[in-house]
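Below: the structure, in structure tokens.
The values are calculated or read from the model by the stated rules, or taken from the named source; none is laboratory data. From a predicted model like this one, the values you see are computed outputs, not experimental measurements. In this analysis, Cβ positions are derived from the backbone assuming ideal geometry, glycine residues included, and neighbour counts consider all displayed protein chains. Accessible surface is based on the protein model in full, side chains and every heavy atom, while ligands, DNA and RNA are left aside. Shrake-Rupley method; radii C 1.70, N 1.55, O 1.52, S 1.80 Å.
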Amino acid sequence: MHALKRSTSAVLILAALAGTAALATATPASAASYHCKTSSHSVDDPSYNGPDSDNWDFDVTLCAMRSGATIYTTATVYWDGPYTAKNRSTYTFNKAKFQLQTKRSVSGTDPVVKSGAYTGLEYALEHSSGYGNGSYSTGTLKYPAGSGRYLADGYIQLDWSGDGKGYRSPVLFTASPVV
């Protein structure tokens with residue numbers, strides 16, 4: 001009988017210790033994580049009139065995270081370009097950029113509190129895979145926000161080679177959730 005009680009006690013003690021260890025290694029519920037939104041837009045290449053497909057299909061994921069009193073925003077651009085893009089290489093764009101914005105969420109138009117232009121997008125687009133696909137990640141904007149609610153927003157601007165028109169109208173995407 002004493003052996004059974006000792007065994008039961010030992011099992012209960014081990015279970016309690018295991019539960020304590022699990023709690024000690026668990027991630028805190030308040031750990032910061034990015035809140036993201038992906039949206040899409042298709043853009044026609046105005047410099048090409050041939051028989052092949054010439055659209056660039058973009059998916060942009062905009063993300064925002066609050067960690068304490070700091071807001072972090074970032075974006076990733078994915079594309080499925082025309083398979084003929086590899087043949088035109090660096091002749092496709094004069095310039096291309098992704099404009100990442102950290103905005104304060106207010107009623108009406110959200111004001112930009114920090115912004116960054118990522119011109120590396122041009123190189124990435126012009127050096128797509130053999131099938132015209134690729135991706136590009138911006139850096140991360142860091143903003144000391146304090147109180148308030150914030151979000152990530154952004155757009156692509158393209159200056160097509162050979163059309164003489166400079167940057168076209170921004171290609172807009174859906175902002176991240178508010179953090």
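Residues in segment 68-94 that are under 25 Å from V113 (Cα atoms), modelled with pLDDT of 95 or more and either over 12 Å from the mean Cα position of the chain (by Cα) or open to solvent by 10 Å² or more (accessible area, probe 1.4 Å) (or both): 5 in all. If you check A152, A117 for being without any contact (Cβ under 8 Å) to a residue 40 or more places away in the chain and not in a loop (DSSP other than H, G, I, E, B), only one passes: A117. Would you call Y123 open to solvent by 50 Å² or more (accessible area, probe 1.4 Å) and modelled with pLDDT under 95? Yes.
When the residues of segment 129-161 are filtered to those that are more than 24 Å from K103 (Cβ to Cβ) and in contact with a Pro (Cβ under 9 Å, 6 or more places away or on another chain), the one that is modelled with the highest pLDDT is W160. Counting residues in segment 144-156 that are touching a strand residue (DSSP E or B) at 6+ places or on another chain (Cβ under 7 Å) and of a type in the set (S, T, N, Q) gives zero.
When L141, L151, L172 are screened for being under 18 Å from S105 (Cβ atoms), open to solvent by 50 Å² or more (accessible area, probe 1.4 Å) and not small (G, A, S), only L172 passes.
Number of residues in segment 155-169 that are in a loop (DSSP other than H, G, I, E, B) and open to solvent by less than 70 Å² (accessible area, probe 1.4 Å): the value is 3. Taking each residue of segment 160-179 that is of a type in the set (D, E, K, R) and looking for partners that are open to solvent by less than 40 Å² (accessible area, probe 1.4 Å) and not in a loop (DSSP other than H, G, I, E, B) with beta-carbon atoms closer than 6 Å, six or more apart or interchain, yields R168/L158.
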